[in-house]
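Read the figures in this text as sums done on the coordinates, not as results from a lab. If you're wondering where the values come from, they're calculated on a predicted model, not measured in any experiment. Cβ coordinates were reconstructed from backbone atoms using ideal geometry, including for glycine residues, and neighbour counts include every protein chain displayed.
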């Protein structure tokens, strides 16, 4: 019979922490949006929609949204 070989089966790991990516971990300093023309706008507290409302920007001009972490890196979604 055809099946999965024992060497190809996933190995279960118990009581282990997942590896964290240091560049993508840390406290969030601000919520930011990037516009089509590559301008960045942000707020220290709030949502991405509140960033648009505060700066009077239409959400149609937003290219991507994300966060600024305390280590200075941007985490985009």
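Using Cα pairs closer than 8 Å and at least 6 residues apart in sequence, work out the relative contact order for region 26-76, in percent.
Over region 26-76, the number comes to 44 percent.
Where is the GNM fluctuation largest for the chain (alpha-carbon springs, 10 angstrom cutoff): 31, 11, 51?
Of 31, 11, 51, the most mobile in the Gaussian network model is 11.
Tell me the volume per residue, in Å³, of the convex hull enclosing the alpha carbons of region 34-77.
70 Å³
Estimate the FRET efficiency between residue 27 and residue 60 by the formula 1/(1 + (r/R0)^6), using the beta-carbon distance for r and 25 Å for R0, to the nearest 0.05.
0.20
Under 10 Å, Cα contacts only: if you run a Gaussian network model on the chain, which one of 47, 65, 20 comes out with the highest mean-square fluctuation?
Among 47, 65, 20, the largest mean-square fluctuation in the Gaussian network model of the chain belongs to 20.
Looking at the chain as a GNM with Cα springs under 10 Å, which of 17, 27, 63 has the largest mean-square fluctuation?
17
Equivalent-ellipsoid semi-axes (√(5λ), Cα gyration tensor) for the chain, whole Å, largest first?
40, 17, 10
For the pair residue 77 and residue 12, what calculated FRET efficiency results from E = 1/(1 + (r/R0)^6), where r is the Cβ-Cβ distance and R0 = 30 Å, to the nearest 0.05?
Efficiency, rounded to the nearest 0.05: 0.45.
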